[in-house]
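This report concerns only the one structure given below.
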Amino acid sequence: MSEKTSFTSMAGPKAEGEAPEVGFGMLGYAFMGRAHSNALKTLPYMMYPPVAVPKLVAISGRDESEVGEAAKRYGYQKYYTNWREMVEDEEVQVLDNGGPNDVHAEPSILAAQLGKHILCEKPLARTAEESKTMLEAVENAGVKHMVAFNYRFVPAVRMIRELIDQGAFGQIYHFRAIYLQEWIMPHYGENKIWRLDKKVAGSGAIGDLGAHIIDLAHYLVGGMKSIAANTQTFIKKRPLPDGSGDGEVDVDDAFVAAVEFENGALGTLESTRFAGGRKNYNCFEINAEKGSVRFNLERLNELQVFWVDEEPKETQGFHNVLVTEDYHPWWDYWWPQGHIIGWEHTFIHEINHFLDCIVNNREVGPHGATFEDGYKAAVVCDAIVESANGKRHVDIKY
């Protein structure tokens, strides 16, 4: 590019006076509970001065000994074994819902009815229909709501969005994305965990991994017009965790899909948890009128970019860009250039954005994913299943 490109500082205006405390109630203490708790504790001294200070009021989970230990470890003031009691706690102002997919809807709807703001892990719910009930609840209540599509908060991804908004790439022709993991392959010896149970998870790789790349497609390219997909379940039965025998795996292990976007772009989406050697390989590429850009989550501080008008032609090609300069998104909060950040930092950026929206009454979108965005991702997830089952193209109707 011959023209200089500018990027938005993520610091933004602060609340006047001393930063207020905002009380958080965390549903879930495992993977996401730990990731979100880490962000809540780190945020006040790194996103400084903070727009608000998260107060770790309570955490909830079904196993009393486990959730009690989690409360002690993470620093929550109290714990509950009944999520309803935590949501009804008057000190809890924000429900941070990091539980399994089957407890996304009911606690979030109750929180909205009680006037509490909600940050909910993805996928928003097990189906589009269930997601719509959550969207209606937060809209009726007028509370702030965000889905934890944290990859919107990777500096390199935000930079790509800003370049697109500035017209740097021109018309987008293609979006291709893959999200590959390996952790339920047979050599890991996984039992039939909740992520392999449709009643709890809703879907398999589609909701677990596919929802992320669907949201990135929406965020970077726009709405989808139609989709054609195939799904596969490679291992039909797995041992039950209690040792009582085998249980049927009734969710997808993998999917592939071809997409037409509303703006005329074409795309491909693929997710699997059976890609040996791939740990957390969320990779997408955009090909457009004025250039191409490629991102790989396993190297999240970098992107590869190509400009079609670059001179001299003799050295034209893809360039690897290290996204760690102080003028890149969020880097005014972190380290000198070249001193990279990691996956956990996306949650800090994400929650800081949500607190800014709460304290300063800002809109969560377009950069934060609202429950409407979560619902739209669920619509596409359902369309993938419908297309695969019916062996046909499906029109996307949000």
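The values are calculated or read from the model by the stated rules, or taken from the named source; none is laboratory data. Since the model is a prediction, treat every value here as computed from it, not as a measurement. Note that each Cβ is placed from the backbone with ideal geometry, even for glycine, and that neighbours are counted across all protein chains shown.
Results, tabulated for the structure shown:
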{"quantity": "Which listed residue is touching a helix residue (DSSP H, G or I) at 6+ places or on another chain (Cβ under 7 Å) and either outside the structural domain of PHE295 (by TED's automatic domain parsing) or polar (S, T, N, Q) (or both), from ASN352, ASN360", "calculated": "ASN352"}
{"quantity": "Subset tally (residues that are in a loop (DSSP other than H, G, I, E, B), touching a residue at least 24 places away in the same chain (Cβ under 8 Å) and closer than 26 Å to GLY264 by Cβ) for the stretch 283-334", "calculated": "5"}
{"quantity": "SER108 being over 29 Å from HIS328 (Cβ atoms) and without any contact (Cβ under 8 Å) to a residue 40 or more places away in the chain", "calculated": "yes"}
{"quantity": "Residue match in the stretch 28-51 (condition: of a type outside the set (Ser, Thr, Tyr), surrounded by fewer than 23 Cβ atoms within 10 Å (Cβ to Cβ) and in a strand (DSSP E or B))", "calculated": "no"}
{"quantity": "Of the criteria (1) under 30 Å from GLU310 (Cβ atoms); (2) hydrophobic (A, V, I, L, M, F, W, C); (3) part of a helix (DSSP H, G or I), which one VAL138 fails", "calculated": "(1)"}
{"quantity": "Verdict on ILE178 being farther than 20 Å from ALA128 by Cβ, under 19 Å from the mean Cα position of the chain (by Cα) and surrounded by 18 or more Cβ atoms within 10 Å (Cβ to Cβ)", "calculated": "yes"}
{"quantity": "Odd one out for VAL385, checked against (1) closer than 17 Å to LEU216 by Cβ; (2) in a helix (DSSP H, G or I)", "calculated": "(1)"}
{"quantity": "Search result, residues across the stretch 89-108 that are out of contact with any His (no Cβ under 9 Å at 6 or more places or on another chain) and within 22 Å of LEU355 (Cβ to Cβ)", "calculated": "ASP89, GLU90, GLU91, VAL92, GLY99, HIS104, PRO107"}
{"quantity": "Tally, over the stretch 69-83, of residues that are in a loop (DSSP other than H, G, I, E, B) and surrounded by fewer than 22 Cβ atoms within 10 Å (Cβ to Cβ)", "calculated": "4"}
{"quantity": "Residue, surrounded by the most Cβ atoms within 10 Å (Cβ to Cβ), within the stretch 355-368, restricted to residues that are out of contact with any Ser or Thr (no Cβ under 6 Å at 6 or more places or on another chain) and closer than 20 Å to ALA156 by Cα", "calculated": "GLY368"}
{"quantity": "Residue match in the stretch 148-157 (condition: assigned to a loop (DSSP other than H, G, I, E, B) and either without any contact (Cβ under 8 Å) to a residue 12 or more places away in the chain or charged (D, E, K, R) (or both))", "calculated": "no"}
{"quantity": "Verdict on VAL143 being part of a helix (DSSP H, G or I), crowded, with 18+ Cβ neighbours inside 10 Å and not assigned by TED's automatic domain parsing to the domain that holds GLU363", "calculated": "no"}
{"quantity": "Condition met for ASN352 (crowded, with 20+ Cβ neighbours inside 10 Å and either modelled with pLDDT under 95 or within 26 Å of ALA265 (Cα to Cα) (or both))", "calculated": "no"}
{"quantity": "Number of the condition not met by PHE7 [criteria: (1) modelled with pLDDT of 95 or more; (2) out of contact with any Gly (no Cβ under 9 Å at 6 or more places or on another chain)]", "calculated": "(1)"}
{"quantity": "Any hit, the stretch 120-140, residues being over 17 Å from LYS376 (Cβ atoms), modelled with pLDDT of 95 or more and crowded, with 18+ Cβ neighbours inside 10 Å", "calculated": "no"}
{"quantity": "Odd one out for ASP242, checked against (1) under 19 Å from ASN150 (Cα atoms); (2) among the charged types (D, E, K, R); (3) without any contact (Cβ under 8 Å) to a residue 12 or more places away in the chain", "calculated": "(1)"}
